[in-house]
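The values are calculated or read from the model by the stated rules, or taken from the named source; none is laboratory data. Quick caveat, the model's predicted, so the values are computed rather than measured. Heads up, the Cβs are rebuilt from the backbone with ideal geometry, glycines too, and the neighbour counts pull from every protein chain shown. Surface accessibility is based on the protein's heavy atoms, side chains included, excluding ligands, DNA and RNA. Shrake-Rupley method; radii C 1.70, N 1.55, O 1.52, S 1.80 Å.
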Amino acid sequence: MAFFFNGKGSTATLNYKNPKEICFFREGDFATIQAESKRKERNIVKIIEQYAKFIHDLQYGLLPEETRDMAKRCLLDGLANLWYGTKTLMGKKALEDGASLYGKLTGKKYSLPGGERGTLEQGLFTSAILARCADLDDGHRQAMGHPGSLLIPLLLMEGQALDADGKTLLTALIGAYEIYIRLGNSINPSSYRERGFDSTGVTGAVACTAFLGKVLALSPDVLANALGIAASFSSGLIEYQNDGSMGKILCGVWAISTARRAIALAQAGYTGPAEAIEGKKGFCQAFSNDAKPELALERLGKEWKIREIYFKQHACMRGLHAGVDAMLFLRESHHLDLGNVQRITVYTTPFVGRLSKPCPKTEIGAQCSIEFALATALWKGNIASTHVLDEALENPQVRCMASSVRLVMDPELEQYVEQHPSHWGTVRLEIELTDGRKVERTAHLPKGEAEDPLTWEELADKFRNLTKGILQEKQQEEMLKKVQHFEQQKGTQGLVEL
């Protein structure tokens, strides 16, 4: 619609959809239209502004007990992943490279996972990689990605640098999870499945900015600019799933770096777009074919999405977990092993089918392979750590079984997933035994989801198992106690030191 004056004290509007339609208004009417337009613009709820206000106003004492408890579970699970990473080949590389890349920077030294001390930049780089090495980090099945893999390293390192207490850090953590999940919901599943964006990095950069904004006690205006800047420069692709390269473990490094830059720039007076999320050229339209920006604010501050976080039991991609659960059930129920299984057929949908890589060459490739995950679970009875996958990669019998797994796209399961979009890992396993018998199992959601959650004790056992051989039993129990009462802690002391 275009406005122009006709020279007779009236204003005409030209309708672009129907050029022959011209309407005339008196000049007073035009002024009224302009005023109404400005009034509506003022009343528009901008997502970035609401995020900044939500984070600024968040108070630990007003948070529900269940929400606080869930934040502690996320912290515990993140610690387990991070400590485990210190004994992996990739983790050792990160520790060495962190020292060479950032260790010579001047400034205060902080405790790093594994017992060393180094610069803040060194600690953030190293921790973000360590947290992803186990592939057992938490996640959210609608928002996609793994928020704990970047928020927990950020909490542990910036908590030291900013001398923040437990209550402040838990409050910031909860706020960041709430934003991560809602922002992820607004662009997925299209962003991940169709466009190939990694929510861990894309939404993680904004969530990390929110976390830092709370710990730094930024004003809503400064934080809004920081969030807008972070949203403008978010990134992350999942092409690593096709070749097993290292984009997966580097994703968190970029997100944290983007958040820290955004905070520094906003503090220096640089501005970010007010409609960075919902704008015509903003975050949602850029990262999704089916954006739902209304979900970015859905019951913010009234419903606590952090309670929907899942925790993993298998060291592979979440899309494979329902299938692994089904395999482990059949293995135990029918005493299956590599010797008495003739053939494995997986009936599933294209979402799981895209993870068909029967002959992976790397550990990351193995984590992304439905065939290899099932063969490993059949052989070992668990995929409790990446060490199991490393052993399986060297086992010719496991490789032979993986190469013989058959995938079939099942129209009935595809219809089921269309009706239940968040059950994207649905599979039906059919296993033919050497004696001619056939057994089968259908699985929709894996263990660890909100519908079938891990208990605190189950998470504590996971922590003990992943840190076995790294921490002494006394250290393990001391850390468990500190996390369980983290709101009473003066900081992160005792969580990253040996």
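Just a few scattered comments:
- Restricting Lys248, Lys312, Lys280, Lys302 to those that are in a loop (DSSP other than H, G, I, E, B), closer than 22 Å to Phe351 by Cβ and out of contact with any strand residue (DSSP E or B) (no Cβ under 6 Å at 6 or more places or on another chain) reduces the list to Lys312.
- For the stretch 121-142, the set of residues classified as open to solvent by less than 20 Å² (accessible area, probe 1.4 Å) and assigned to a helix (DSSP H, G or I) consists of Gln122, Gly123, Leu124, Thr126, Ser127, Ala128, Ile129, Leu130, Ala131, Arg132, Cys133, listed by residue number.
- Restricting the stretch 467-498 to residues that are of a type in the set (S, T, N, Q), out of contact with any Lys or Arg (no Cβ under 7 Å at 6 or more places or on another chain) and closer than 23 Å to Ala164 by Cα, the residue that is modelled with the lowest pLDDT is Gln493.
- Exactly one residue out of Tyr180, Tyr240 is out of contact with any Cys (no Cβ under 7 Å at 6 or more places or on another chain) and under 18 Å from Cys368 (Cβ atoms), and it is Tyr240.
- Which numbered condition Ile179 fails, given (1) over 24 Å from Val352 (Cα atoms); (2) surrounded by fewer than 24 Cβ atoms within 10 Å (Cβ to Cβ): (2)
- Only one of Ala286, Ala326, Ala366 that is of a type in the set (A, V, I, L, M, F, W, C) and over 29 Å from Ala450 (Cβ atoms): Ala286
- Residue match in the stretch 257-277 (condition: surrounded by 21 or more Cβ atoms within 10 Å (Cβ to Cβ), hydroxyl-bearing (Ser, Thr, Tyr) and either in contact with an Asp or Glu (Cβ under 8 Å, 6 or more places away or on another chain) or closer than 22 Å to Gly213 by Cβ (or both)): yes
- Members of the stretch 377-406 found to be open to solvent by less than 10 Å² (accessible area, probe 1.4 Å) and closer than 13 Å to Val341 by Cβ, listed by number: Ala377, Leu378, Val398, Ala402
- Matching residues in the stretch 481-498 - criterion: being open to solvent by less than 10 Å² (accessible area, probe 1.4 Å) and not in a loop (DSSP other than H, G, I, E, B): Val483, Phe486
- Near pairs, Cβ below 7 angstrom, 6+ apart or cross-chain, from the stretch 164-177 (among the charged types (D, E, K, R)) to any residue that is open to solvent by less than 10 Å² (accessible area, probe 1.4 Å): Asp165/Gly491
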